[in-house]
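Some notes on the structure that comes next.
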Amino acid sequence: MADNADHPAYPVGLRLAGRRVVVLGGGQVAQRRLPALIAAGADITLISPSATPSVEAMAEAGEITWTKRRYEDGDLADAWYALVATTDPASNAAASAEAERYRTWCVRADDAEAATAWTPATGRDAGVTVAVLTGHDPRRSAAVRDAIVEGLRDGSIAAPAHRSRTPFVALVGGGPGDPDLITVRGRRLLAEADVVIADRLGPRDLLDELPPHVEVIDAAKIPYGRFMAQEAINNALIEHAKAGRSVVRLKGGDPFVFGRGMEEAQALAAEGISCTVVPGISSSISVPGAAGIPVTHRGVAHEFTVVSGHVAPDDPRSLVDWASLAKLTGTLVILMGVDKIGKIAEALVAHGKNPETPLALIQEGTTASQRRVDATLATVAETVRAQDVRPPAVIVIGDVVTEGPGGRASDRTKDNGRHHAV
């Protein structure tokens, strides 16, 4: 047998769909490696007397076959690939020898030099698999992998597809404002876009990263008022999609949480244009979290309700049952309600809510300008005026307000200053 010490590994992609793979050992190594083998479609047999709860769940779900015993000679018969990761060095050595006899490629978790195959640091993006081997430095492999995958996702590594690319329309939730809180898929689609129609509440910093050829349309400046502005946005989506361009509608938060995303999807569908919806991190949860407020907390709140506050409770257009909300014991999160919070607080108190119920307003949540102002239902109208709280701001009502950092009762009526916890 040739000495492999001075020879680099030969990289190859194994196509394991429907082929037998044997994994010995059900511990942490198996837990990390099994998902990729499952995703590859391998016919996986796990041989181990015990397994972690996550590995056991894979067996219960039918993703792998679990033989509950120790390794025995002959277990690798007909296997195309083997992962040896038991805690018994003698069993690992015996299994490795068996793999050599059967000419089965074998990874040894305990002794890389004795293995016939190594597992690279692997990452994937948009159909591209990046696999990195650096010999005996797995941390460097992971670092190189991460750098390449991140570059592909954010567009800093230019790797255009040479085959024709199908144009697309995507309604992308950009998250609450911090550019790091957009999803990986959303960021990738931005990097592939020809046209981006952006909300003012979306992650604006990401627009500076777009290539020069990308047309950016500021949806906040489309004229003729709110209704006509939405109609103009719909028309822009349709126009650019029919022109064969890849279009991203970049929205703040999540497209379907008070984002009018369904209206845009329906307008596209009416023109025979399909679209992809990319969920985003909703500000209703993320902004309170960034301010140190959990929307649920054991023994305090078992539910939370998200309400649009853009229409006052006494407005005939209101669809919110404020009387029922006042009776709930959980957390109430109000979006788009800064200028109506006085009337909202009055309605809740009128329907039985304790006027001393704590409340927090988080302005410009998750951004560098984040600001938290605490009050109660009884004091919030005056506090908003005195502290000059302006939209965008998320309002949290309930006992959870006093649970997190900055939520002590003595602080509830004063401006807590900038508190950026993300």
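The values are calculated or read from the model by the stated rules, or taken from the named source; none is laboratory data. These numbers were taken from a predicted model, which means no experiment stands behind them. A quick note on method: Cβ atoms are made from the backbone with ideal geometry, for glycine too, and the neighbour counts reach across all protein chains shown. Side chains are part of the model used for accessible areas, which takes the heavy atoms of the whole protein and leaves out ligands, DNA and RNA. Shrake-Rupley method; radii C 1.70, N 1.55, O 1.52, S 1.80 Å.
Would you please report the Å³ per residue occupied by the convex hull of the alpha carbon atoms in region 280-358? Walk me through the numbers before you get to the answer.
Values: hull volume 8.6 nm³, N = 79.
Dividing the Cα hull volume of region 280-358 by its residue count gives 109 Å³.
In a Debye calculation with equal point scatterers on the alpha-carbon sites of region 1-148 and no solvent, what is log10 I(q)/I(0) at q = 0.09, 0.13, 0.17, 0.21 Å⁻¹?
-0.27, -0.58, -1.02, -1.47
Please report the base-10 log of the normalised intensity I(q)/I(0) for region 230-295, using a Debye sum with one equal scatterer per alpha carbon and no solvent, at each q in 0.22 (1/Å).
-0.88
Which three numbers, in whole Å and largest first, are the semi-axes of the equivalent ellipsoid of region 40-86 derived from its Cα gyration tensor as √(5λ)? Write out the running numbers ahead of the final one.
Numbers: eigenvalues 61, 40, 15 Å².
Largest first, region 40-86 gives 17, 14, 9 Å.
Could you compute how much accessible surface residue 137 exposes when probed at 1.4 Å, giving the result in Å² to the nearest 10?
The accessible area of residue 137 comes to roughly 70 Å².
Above 38 Å lies some portion of the pair distances; for the chain, what is it as a whole percent of all C-alpha pairs? Working shown, then result.
Numbers: 39160 of 88831 pairs.
The proportion of pairs with Cα distances above 38 Å equals 44 percent.
Give me the angle, in degrees from 0 to 90, between the Cα long axis of helix 28-39 and the longest principal axis of the Cα atoms of the chain, rounded to the nearest 10.
80 degrees
Size of the dipole of the chain about the Cα centre, Lys and Arg at +1 and Asp and Glu at -1 on the beta carbon, nothing else charged, in debye to 20? All intermediate terms of the calculation are to be shown ahead of the outcome.
Values: 44 positive and 52 negative charges, 96 e Å.
Dipole of the chain, to the nearest 20 debye: 460 debye.
Report the accessible area of residue 390, computed with a 1.4 Å probe over the heavy atoms of all protein chains in place, in Å² rounded to the nearest 10.
We get 140 Å² for residue 390.
Between the helical axis of 225-242 and the dominant principal axis of the chain, each derived from Cα atoms, what acute angle in degrees is found, rounded to the nearest 10?
It works out to around 30 degrees.
Quick one: putting +1 on the C-beta of Lys and Arg, -1 on the C-beta of Asp and Glu, what dipole do you get for region 245-348 around its Cα centre, in Debye to the nearest 20?
It comes to approximately 240 debye.
For region 175-314, taking Cα atoms only, what is the radius of gyration to one decimal and the Dmax to the nearest whole Å?
16.5, 55
If you average the alpha carbon positions of region 236-275 and of region 308-362, how far apart do those two centres end up, in angstrom?
Distance between centres, Cα-based: 31 Å.
Tell me, what HN-Hα J-couplings in whole Hz come from the Karplus equation 6.51 cos²θ - 1.76 cosθ + 1.60 at θ = phi - 60° for each residue of region 395-401, using x for Gly and Pro?
Per residue, the Karplus-derived 3J(HN,Hα) values read 10, 10, 10, x, 5, 5, 4 Hz.
In debye to the nearest 20, how big a dipole does region 55-189 give about its Cα centre with +1 on each Lys and Arg Cβ and -1 on each Asp and Glu Cβ?
740 debye
To the nearest Å, what is the center-to-center distance of region 46-120 and region 192-217, using C-alpha atoms only?
What the calculation gives is 48 Å, centre to centre.
Test of the criteria: in region 258-337, which trypsin sites (Lys or Arg not before Pro) are in a DSSP loop and have at most 11 other Cβ atoms within 10 angstrom of their Cβ?
Working: sites: 260, 298, 317, 327; in loops: 260, 298, 317.
Those that pass, being in a loop and sparsely packed, are 298, 317.
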